[in-house]
1. Residues that are at positive phi, touching a strand residue (DSSP E or B) at 6+ places or on another chain (Cβ under 6 Å) and away from ligand 2 (no atom under 15 Å from the Cβ): does the range 231-240 have at least one?
2. Starting from residues that are within 17 Å of the chain's Cα centre (by Cα) and part of a loop (DSSP other than H, G, I, E, B), keep the ones in the range 90-112 and report whichever is nearest to residue 225 (Cα to Cα).
3. Looking only at the range 194-229, count how many residues are surrounded by fewer than 21 Cβ atoms within 10 Å (Cβ to Cβ) and either within 16 Å of ligand 2 (Cβ to nearest atom) or over 30 Å from residue 332 (Cβ atoms) (or both).
4. Looking for whichever is surrounded by 14 or more Cβ atoms within 10 Å (Cβ to Cβ), modelled with pLDDT of 80 or more and assigned to a loop (DSSP other than H, G, I, E, B) here; the options are 24, 16. Which one fits?
5. Take the range 293-312 and flag every residue that is part of a loop (DSSP other than H, G, I, E, B) and either free of Cβ contacts under 8 Å to residues at least 12 places away in the same chain or closer than 21 Å to residue 199 by Cα (or both).
6. Taking the range 216-251, which residues are touching a residue at least 12 places away in the same chain (Cβ under 8 Å), over 12 Å from residue 281 (Cα atoms) and not in a loop (DSSP other than H, G, I, E, B)?
Ligand SMILES: Nc1nc2c(ncn2[C@@H]2O[C@H](COP(=O)(O)OP(=O)(O)O)[C@@H](O)[C@H]2O)c(=O)[nH]1
Ligand SMILES: [Mg+2]
Ligand SMILES: [Zn+2]
């Protein structure tokens, strides 16, 4: 009946179990048949019912407990309920690591509590579906390495946009600095200039040598954060270095980065001393929602200083475009302008 929910409806229904959603649709369908609700589609009636706030509340035989999801598998997830770890069945909405959820006495995930923040991307298989990678994180640490694999500024840009859209704060962590010296090192680190200009906190690290860890600890203290980035950049190694007791499995560089070396296969929340971090599997390509020029430009705060002749300037071909002029002058970093153009094309 409603496997293909429009996105706005899906979002509104996310906190209901499948069963409750079914009930809601049955009611809407009855209303429509009775002729009392004429306007709009079934989805519209469902939205109205929800808005009337007489939507069915979760009904459990016994009161549900609330806990935080720290691991998500295919059919079950693991939830920390008052410090105790329980495995709960997923038969309704799909929770993400970091989510606060109700666990029924029967051991199923019920309602997902409203998310304070999220890091989400379109489902690679179905771009209309949102895949929430982590929920309720204060900070997202984008981990990149300077070698094996080399720095990919474009991936950083995509992450920064998704992080901002989801309401968390970004931290850029550059790992494996032990692999570069001298001019080569300077050249690689110069790629970070656009992010320095943006004011994103940047930590230079070597998980191997223990460099930068104190700074990372200081930046992340007291928060829930997630480590994201390509496979092989050293996310798991950094977390192990932050807390020796963790012993998370790490991949071998010799096997070639990013190809079949996905040591971390599911996101997991780890409790470290003084902070909580979520290790995520490497994501090869991080897609973004398609955005129009005006929406996309909002994620480039450095464009605000530019004055364009046209108010709805797309900063592409228009005459007297301030953004283009400033990027030619280097006031707006040309790399960032180029990123904007690429993202606009949906590249
Ligand atoms: N040289 C060097 N190698 C590192 C460093 N951090 C991690 N590695 C290596 O990079 C590989 C991938 O690390 P891993 O932590 O599994 O990366 P992840 O996929 O991002 O979790 C492993 O072989 C690590 O030993 C570092 O700071 N320097
Ligand atoms: Mg890993
Ligand atoms: Zn312009």
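The values are calculated or read from the model by the stated rules, or taken from the named source; none is laboratory data. The shown structure was predicted, so the numbers you read here are calculated from the model rather than taken from an experiment. Using ideal geometry, Cβ is built from the backbone for each residue, glycine included, and neighbour counts are taken over all protein chains shown.
1. Looking for residues that are at positive phi, touching a strand residue (DSSP E or B) at 6+ places or on another chain (Cβ under 6 Å) and away from ligand 2 (no atom under 15 Å from the Cβ), one finds none in the range 231-240, hence no.
2. 98
3. 11
4. Criteria check complete, one pass: 16.
5. Of everything in the range 293-312, those that are part of a loop (DSSP other than H, G, I, E, B) and either free of Cβ contacts under 8 Å to residues at least 12 places away in the same chain or closer than 21 Å to residue 199 by Cα (or both) turn out to be 298, 299, 300, 306, 310, 311.
6. Residues satisfying the conditions are 216, 217, 219, 220, 224, 225, 237, 238, 239, 240, 241, 242.
Matching residues to (1) buried (at least 17 other Cβ atoms within 10 Å of the Cβ); (2) at pLDDT 95 or above; (3) within 16 Å of ligand 1 (Cβ to nearest atom):
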{"position": "136", "(1), (2), (3)": "yes, yes, no"}
{"position": "150", "(1), (2), (3)": "no, no, yes"}
{"position": "154", "(1), (2), (3)": "no, no, no"}
{"position": "158", "(1), (2), (3)": "yes, no, no"}
{"position": "163", "(1), (2), (3)": "yes, yes, no"}
{"position": "178", "(1), (2), (3)": "no, yes, yes"}
{"position": "181", "(1), (2), (3)": "no, no, yes"}
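Yes or no, residue by residue, for (1) away from ligand 1 (no atom under 16 Å from the Cβ); (2) crowded, with 18+ Cβ neighbours inside 10 Å; (3) at pLDDT 95 or above:
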| site | (1), (2), (3) |
| --- | --- |
| 286 | no, yes, no |
| 294 | yes, no, no |
| 309 | yes, no, yes |
| 321 | yes, yes, yes |
